[in-house]
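Here, each number is a calculation from the coordinates, and none is a lab measurement. Just so it is clear, the structure is predicted and the values come from calculations on it, not from any experiment. Cβ coordinates were reconstructed from backbone atoms using ideal geometry, including for glycine residues, and neighbour counts include every protein chain displayed.
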Amino acid sequence: MDETKNKPSEKMAKLDARIIYLAMFIALLIPILRPLGLPLPISDMTRKAYEYVDSLPSGSKVLLALHVSVGLWPEVEPGTIAILSHLFSKSIKVVIISWGADEPVLVESTLTKVDKMGKQYGVDWVNLGYYAGMETAMAAFAKDVHGLVKRDFYGTPIENLPIMKDIKSAKDFNLVIYDTASDIAPMIRQFVAAYGIPMVAFCTIGWVPSFMPYLTAGQIVGMVPGIRGGAEYELLIKRPGSGATTTDALSLGFILLIVLSILGNVIWYSRKIGMR
Amino acid sequence: MVFKEGRIATFFALVIVVGAILYFINRAKIGKISKIRKIPGLIAIEEAVGRATEMGGSVLFIPGIGGLTTVEGPETLAGISVLNYTAKLCARLGTKIVAAIRMPEVIPLAEEAISTAFRMEGKFEEYRPDMVRYLSSDQWGIATGAMGIMQRERVKANIMLGFFAGEALALAEAGAVAGAIQIAGTATNTTQLPWFASICDYCLFGEEVYVAGAVLSEDPIQLGSIAGQDVGKFMAICLITIGILMYLLKVDWLIRLLKI
Amino acid sequence: MSIFKRREIPVIITAFSGFLMVIEYFFTIPLVASISTGIREWASLIAAFAVGLGATNLGIIHASRVRHRRENWYLSAWLLFVMVLMIIVGIFGTTKHPLYDFLFANVYSTVGPTMWGLLAFYLASASFRALRVRSLESLLLLISAILLMLLSAPIGGIIPGVTVVANWVQNVPNTAGMRGILLGTALGAIGLSIRTLLGYEKGYLPE
Amino acid sequence: MEFISALGLIVAVIFTFMIWSYLYKESFIFRIAEYTFIGMASGHAVVMAVGQITKTLGSAISVGQYIWVIPAILGLMIYTRYYKPTVWISRLPVALLVGVGTGLAMRGLIEAQFITQIISTIQPKETIDGIIIAILTMCTLTYFIFTWEPKGGSTRKAYNSILRIGRITIMVAMGAAFGVLATTRLTLCVSRLQFIVNSLSRLIAG
């Protein structure tokens with residue numbers, strides 16, 4: 001292919017690379033050591049999600065369903081921390097359930113980073129663990145919670161958990177929050193379409209365009225996209241956390257990437273002209 | 001015999017594609033061969049191996065990180081076919097070749113592909129067991145292992161063909177830093193293609209990966225089957241054209257037909 | 001007989017198991033369903049047996065490096081030591097053994113996140129070196145890459161219009177491009193599978 | 001902090017930097033990490049496989065399903081490849097694996113990546129975008145036609161511009177995927193850096 005790509009500037013490219021790696025290292029590290037508080041406009045989709053959750057009366061029950069793999073968890077974790085803090089601050093009961101095997105452990109470690117405001121396990125919130133089968137499991141849970149779930153993540157029979165007493169089916173929830181790195185359609189079919197339960201999506205950034213039509217059609221009441229959405233939610237509940245740090249780092253990182261791609265072309269063209 | 005619900009149309013689509021492939025294979029058997037457009041990435045393999053030889057470097061081949069028993073199976077087999085061809089070139093030119101393997105069940109296939117190539121070139125005595133290297137069944141094991149090999153064994157041609165996941169970017173960049181000519185391709189996991197498309201010198205997209213072995217073999221029967229695959233593409237284009245016209249006319253029986 | 005040993009029997013086995021999977025998917029035939037479920041379970045057990053091939057491969061290569069005192073032979077010895085240690089502790093002391101647990105949690109599990117992290121640095125060098133504008137195609141690649149970065153970067157929300165255009169790029173041309181590749185992929189895989197099941201693909205079987 | 005967990009953090013942080021040292025240079029430091037990890041991961045794979053084999057066979061035999069002896073024998077047959085006269089035996093179990101994989105791919109891909117993709121193309125959510133997607137999808141697909149092209153004349157010209165549009169669509173898609181994936185990659189790096197900074201501050205704080 002192009003001669004200039006590898007051959008004459010090989011040594012130069014190696015030297016360049018180290019400087020670039022260092023620049024990226026610094027760009028990502030600075031905000032971690034000292035958060036910059038770069039401007040962060042709050043998008044409509046996140047604001048809608050926040051406003052819906054904020055308007056829930058106290059004593060409401062919320063289902064937090066999870067389907068995010070280990071590798072993508074960091075993208076939704078800040079948002080999850082923010083929403084859990086928000087829910088706990090409003091004395092709303094939270095039931096957590098996972099459609100993937102890793103999520104129960106991930107959410108446990110996330111919960112250690114949430115200020116629980118004295119809320120009690122089993123009374124105010126519960127982690128029901130993992131249920132295999134995706135849409136089949138969703139449908140079974142929505143229809144008959146006690147039919148599918150016998151024990152929580154720790155093996156406690158759910159009859160012994162006060163929170164589960166009034167929760168028999170999907171109808172008993174006021175809101176479904178779906179943390180997802182996969183398609184939202186099955187959850188919409190099983191909860192929104194079948195039982196009319198409102199739903200908010202916390203998703204990885206890659207899914208935003210696919211979920212947009214559901215938002216405009218009103219099938220989901222709000223959407224919190226990835227790290228950026230998580231940071232926006234942190235701002236809305238006025239508790240800047242790791243989301244804000246990460247978005248600062250992302251902003252710097254992206255500026256660097258864009259500058260590098262332009263700079264790379266400028267240098268390449270000037271060398272090309274120089275060689276003629 | 002009872003059809004499963006919702007799979008009838010899919011079954012007939014498969015029958016049409018397979019039927020077309022068989023028809024063109026039979027046509028090839030009686031000597032009617034279709035001409036195949038050139039795939040630059042495949043022509044470049046010879047150039048890449050040649051340059052590695054000139055520079056006294058070696059050739060690294062990674063047939064993906066997929067195994068055999070899942071949908072990634074055919075992609076792995078496609079990689080093995082090209083490995084066989086690359087090994088032939090290496091045997092001919094006396095260039096060192098290393099195949100990096102992740103899934104253990106792929107080891108026999110890779111060994112068979114390389115040793116057969118060396119035997120066919122009449123250089124079986126130059127075949128060494130360490131040409132096939134298992135680098136653990138972990139995605140990052142093969143990544144770190146291959147990155148190490150790229151620098152230590154002066155890899156000047158890096159060919160990656162098969163199923164790849166998150167490690168694709170690491171492999172492609174490490175190969176570029178090592179100064180290798182890179183030819184890469186992957187199919188089912190399309191999200192990894194941007195790295196290959198932007199970083200590597202040549203990139204094979206989707207279907208090109210699967211036909212690579214057939215094109216390189218120059219075997220008329222295998223080439224014939226590619227014409228059969230093209231029938232599938234014409235079928236898709238027709239269905240989309242008719243379907244979108246029906247959508248505009250607000251008729252939905254084609255969709256219902258495809259869903260039976 | 002020798003010719004059977006080489007090609008015919010393996011091809012028959014491949015074709016039988018392959019077509020069985022296809023038939024099971026489309027038709028409700030209880031016998032086929034139970035046989036093919038059985039064969040799939042068998043295949044996963046056989047693949048488990050094959051893991052020993054990996055350890056054997058490492059054993060042969062690295063033992064020979066140690067024996068001939070090749071460059072870095074002590075590293076090869078270390079690799080074998082670590083592998084055998086993991087196997088012995090893991091099998092006889094179970095994976096819950098404190099040593100196994102310590103190594104797994106602090107070394108093995110460290111590598112995944114570390115390598116994912118490494119990709120950010122490679123992303124930077126790739127942006128600098130690989131996103132060259134050589135043609136209209138590569139210019140559009142660069143523009144759509146920058147647009148989508150701006151979409152995910154918080155700072156992108158400040159520039160008016162970016163969100164709309166970037167969402168359109170991801171929704172429309174991106175969907176179309178990926179879909180075209182996927183359609184081709186399906187056909188390519190079917191073609192290769194048919195060639196394999198009928199014994200025309202020769203890459204991995206001896207001539 | 002407990003000694004063991006402190007040691008664990010130290011090991012994890014050091015290991016991270018040993019691997020990242022590759023960015024500066026492929027050196028002895030990286031090599032130790034590389035060889036350690038490959039050894040460890042291979043050992044772990046064997047442990048997992050042994051676990052799977054004993055569990056599967058154990059539970060099958062305990063309920064009297066002696067048919068499971070057959071796959072066990074097939075599995076062991078792979079190892080006949082180390083003795084030349086019996087190499088052919090080792091090809092039989094591998095042939096079974098190849099058959100299962102190709103069969104699964106055929107049936108899975110025709111459904112998920114062919115019919116489903118066509119259905120979602122002709123059932124668009126918005127009209128104008130839907131039509132553009134359909135046209136661009138067909139142009140992209142044309143790019144993959146290998147054995148047919150029109151001969152000369154204006155058809156040829158039209159065909160070439162379809163190919164061009166197909167290629168451009170693919171490249172725009174590649175750029176979009178590049179940009180989207182960049183987010184994930186940077187996020188993961190930030191979370192690793194956060195881990196290191198937190199670990200170091202915990203270690204210093206004791």
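Using only atoms on other chains, find how many Cβ atoms lie within 10 Å of each Cβ of peptide C:102-109 and report the average.
6
Its alpha carbons give segment D:129-206 an Rg and a Dmax of 23.5, 79 Å. Below 9 angstrom from the Cβ of residue A:241, what's the summed charge of the other residues (Lys, Arg +1; Asp, Glu -1)? Spelling it out: positives minus negatives among the neighbours equals +1. Among the trypsin sites (Lys or Arg not before Pro) found in segment A:166-265, those both in a DSSP coil and sparsely packed, with 15 or fewer other Cβ atoms within 10 Å of their Cβ, are A:168, A:238.
Scalar couplings 3J(HN,Hα) for segment B:117-134, obtained by applying the Karplus form with A = 6.51, B = -1.76, C = 1.60 to θ = phi - 60°, are 4, 5, 5, 5, 8, x, 10, 4, 5, 8, 6, 10, x, 7, 6, 10, 10, 7 Hz; x denotes Gly and Pro.
As a proxy for reagent exposure, A:24, D:174 were ordered by neighbouring Cβ count within 10 angstrom, fewest first; the result is A:24, D:174.
Chain D gives an Rg/Rh value of 1.12, both radii derived from C-alpha positions and Rh following Kirkwood. Amide H contacts of residue A:64 (H built 1.01 Å from N, in plane; Pro and chain starts excluded): A:95, A:96, A:97, A:177 sit under 5 Å, all sequence-distant by 5 or more or on other chains.
Distance between the C-alpha centres of segment C:153-203 and segment A:83-133: 36 Å, rounded to the whole angstrom. Taking a quarter of the surface of the Cα convex hull of segment B:121-171 gives a mean projected area of 4.7 nm². Rounded to the nearest whole Hz, the Karplus-based 3J(HN,Hα) values (6.51 cos²θ - 1.76 cosθ + 1.60, θ = phi - 60°) of segment A:101-116 follow the sequence 6, 7, 4, x, 5, 4, 5, 4, 5, 5, 4, 5, 9, 9, 6, 7, with x at glycine and proline.
Normalized C-alpha radius of gyration of segment D:1-64, against 2.2 N^0.38 Å?
Segment D:1-64 yields a ratio of 1.73.
Over what distance in Å are the Cα centres of segment B:1-70 and segment D:87-125 separated? Here the two parts' Cα centres lie 13 Å apart. Excluding residue A:55 itself, calculate the net charge of residues whose Cβ lies under 14 Å from the Cβ of residue A:55, where each Lys or Arg counts +1 and each Asp or Glu counts -1. For residues surrounding residue A:55, the net value is +1. With 24 Å as the limit, the listed pairs A:113/C:96; B:38/D:151; A:93/A:113; B:32/B:123 have A:113/C:96; B:32/B:123 beyond it between alpha carbons. For chain D, adding -39500 (n - 2.57) for each run of n ≥ 4 DSSP H residues and dividing by the number of residues yields -27500 deg cm²/dmol at 222 nm. Between the helical axis of B:207-217 and the longest alpha-carbon principal axis of chain B there is an angle of about 60 degrees. For the peptides D:30-38, D:43-51, D:145-153, residues were scored by their other Cβ atoms within 10 Å and the scores averaged per peptide; the highest-first order is D:30-38, D:43-51, D:145-153. For chain B, taking the reciprocal of the average inverse distance between every pair of different Cα atoms yields a Kirkwood hydrodynamic radius of 19.8 Å. Panel order for C:42, C:78, B:253, by other beta carbons found within 10 Å of each beta carbon, from fewest to most: B:253, C:78, C:42.
In terms of Cα to Cα distance under 17 Å, which lysines are near enough to residue D:84, apart from those fewer than 8 places away along the same chain? Output for residue D:84: C:5. Rounded if a/c is under 1.5, else prolate if a/b is larger than b/c, else oblate: which is segment D:14-124, with a ≥ b ≥ c the root eigenvalues of its Cα gyration tensor? It comes out oblate by the Cα gyration axes. The three principal axes of the Cα atoms in chain A give end-to-end lengths of 79, 38, 37 Å, sorted in falling order. Rounded to whole numbers, the Karplus 3J(HN,Hα) couplings from phi for segment B:229-237 are 4, 4, 4, x, 5, 4, 4, 4, 4 Hz, using 6.51 cos²θ - 1.76 cosθ + 1.60 with θ = phi - 60°, and x at Gly and Pro. Remark on segment B:127-260: hydrodynamic radius 17.9 angstrom, per the Kirkwood mean of 1/r across alpha carbon pairs.
Exceeding 22 Å between C-alpha atoms, which entries from my cross-link table qualify? They are A:143/A:165; A:119/A:143; A:61/A:90; A:61/A:168. From A:143/A:165; A:119/A:143; A:61/A:90; A:61/A:168, over 22 Å: A:119/A:143. Per-peptide packing, taken as the mean over residues of other Cβ atoms within 10 Å, places C:25-38, B:160-173, A:97-110 in the sequence B:160-173, A:97-110, C:25-38 from highest down. Distant-in-sequence amide contacts of residue B:161, defined by a placed amide H-H separation under 5 Å and a gap of 5 or more residues or a different chain, comprise B:62, B:64, B:185.
Of the peptides B:13-22, B:208-217, C:131-140, B:127-136, the order by per-residue mean of other Cβ atoms within 10 Å, starting with the highest, comes out as B:208-217, B:127-136, B:13-22, C:131-140. The distance from the alpha carbon centre of segment D:1-74 to that of segment B:129-160 is 18 Å, rounded to a whole number. Within the same chain, aspartates and glutamates fewer than 8 places from residue A:171 are excluded, and of the rest, those with a Cα less than 13 Å from its Cα are A:144.
Once amide H atoms are placed 1.01 Å from N in the peptide plane, what residues at a sequence separation of 5 or more from residue A:220, or on another chain, have their amide H within under 5 Å of its amide H? For residue A:220, whose amide H was placed from the backbone, the distant partners under 5 Å are A:215.
Grab the other residues whose beta carbon is less than 14 angstrom from that of residue B:12, score K and R as +1, D and E as -1, and report the net.
Computed value for this residue: +3.
Principal axis extents of the C-alpha atoms in chain C (largest first, rounded to whole Å): 70, 52, 37. Taken over the protein assembly as shown, the ratio of Cα radius of gyration to 2.2 N^0.38 Å equals 0.93. In chain A, the DSSP-assigned H stretches of four residues or longer account for a calculated mean residue ellipticity at 222 nm of -15000 deg cm²/dmol, using -39500 (n - 2.57) per stretch and the full residue count as denominator.
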